[in-house]
Amino acid sequence: AFHIETARELQLDKISGARRIGLTAGASTPNWIIKQVYHALECGLLKKKGMVRFLAYFISKNLMLSNLCLAAGAASLAYAGAKIQSLRPDLSCILIASLYLLCMHTINHMLDRNSDRYNDPERAEFYEKNRVLLYTMASVAGGGALVAAWRMGPLFFVLLSCMSLFGVLYNIDIDAEPVRSFRLKKIPGSKTMLVALAW
């Protein structure tokens, strides 16, 4: 057993031969410290296992952090939903599902980086380093989803535009009379409802 206070105190050479590693912390330990230690263990031990395993880990981690896996999941869900209902899968529907969710999740993570610094420091660091690329990707994805919706008809375009507006406004302070500094995020259960509607 090793008692540490930060990830810098890890001695990976002493535990690299272990088949299982347990990580525990006191109730007062901030979540971001636990995640940093976990990430340092994960990365450090994978590097020792060889370059191929570390490269596979690095690629999969970036696909997850950039929401590209989520977009692929949304496309797969739209395709499977059509097949289950014995419908011909429509490329526009699949594109809208994939691109819309990629855009919304990316933008909301970009706008909510302050809470990520404490809750998920790895993601906060990823978003800080790749800010321009991620904003570009989100803009292209959002525009692509709206174009696909327009091609399906004005009703789809208006619905997706409204959903996109709510999605973007979720993490933004709205300063308007008579309410000062209001956020959709502050409404209890709003995230659950909006995410369910988006999916």
Worksheet, complete the sentence: The lone condition Leu87 fails out of (1) under 30 Å from Leu134 (Cα atoms); (2) at pLDDT 90 or above is (1)
Practice prompt. Please specify each residue of segment 132-146 satisfying the condition of being free of Cβ contacts under 8 Å to residues at least 24 places away in the same chain and touching a Phe, Trp or Tyr at 6+ places or on another chain (Cβ under 9 Å).
Written response: Leu146
Item to complete: Scan (1) exposed (fewer than 15 other Cβ atoms within 10 Å of the Cβ); (2) part of a helix (DSSP H, G or I); (3) at pLDDT 85 or above for the single condition Phe2 breaks and write down its number.
Response: (2)
Practice prompt. Report, ordered by the first and then the second residue, all pairs with beta carbons closer than 7 Å, sequence separation of six or more or different chains, a first member in segment 175-195 that is within 19 Å of Leu111 (Cα to Cα) and in a strand (DSSP E or B), and a second member that is open to solvent by 70 Å² or more (accessible area, probe 1.4 Å) and at pLDDT below 65.
Written response: Ser181/Asp175
Worksheet, complete the sentence: Log entry, pairs with first residue in segment 111-126 being closer than 15 Å to Ser66 by Cα, second being open to solvent by 40 Å² or more (accessible area, probe 1.4 Å) and aromatic (Phe, Trp, Tyr), beta carbons closer than 7 Å, six or more apart or on different chains, reads Pro121/Trp32
Practice prompt. Would you check if there is a residue in segment 57-72 being basic (Lys, Arg) and either open to solvent by 80 Å² or more (accessible area, probe 1.4 Å) or part of a loop (DSSP other than H, G, I, E, B) (or both)?
Written response: no
Discussion item. Being open to solvent by less than 90 Å² (accessible area, probe 1.4 Å), in a helix (DSSP H, G or I) and touching a helix residue (DSSP H, G or I) at 6+ places or on another chain (Cβ under 7 Å) is the requirement here; does Cys43 meet it?
Written reply: no
Worksheet item: Taking Thr136, is it hydroxyl-bearing (Ser, Thr, Tyr), modelled with pLDDT of 90 or more, part of a helix (DSSP H, G or I) and open to solvent by less than 30 Å² (accessible area, probe 1.4 Å)?
Response: no
Item to complete: Take segment 24-34 and flag every residue that is open to solvent by less than 80 Å² (accessible area, probe 1.4 Å) and in a loop (DSSP other than H, G, I, E, B).
Response: Ala25, Gly26, Thr29, Pro30
Discussion item. If Gly50 satisfies all but one of (1) closer than 24 Å to Ala40 by Cβ; (2) open to solvent by 50 Å² or more (accessible area, probe 1.4 Å), what's the number of the condition it fails?
Written reply: (2)
Practice prompt. Take Val37 and decide whether it is out of contact with any Asp or Glu (no Cβ under 6 Å at 6 or more places or on another chain), surrounded by 14 or more Cβ atoms within 10 Å (Cβ to Cβ) and modelled with pLDDT under 90.
Written response: yes
Worksheet entry | Residue tally, condition open to solvent by 20 Å² or more (accessible area, probe 1.4 Å) and part of a helix (DSSP H, G or I), over segment 102-120 | 11
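The values are calculated or read from the model by the stated rules, or taken from the named source; none is laboratory data. Here the structure is a predicted model, which means the values were calculated and not measured. Note that each Cβ is placed from the backbone with ideal geometry, even for glycine, and that neighbours are counted across all protein chains shown. The accessibility values were calculated without ligands, DNA or RNA, using every heavy atom of the protein model including side chains. Shrake-Rupley method; radii C 1.70, N 1.55, O 1.52, S 1.80 Å.
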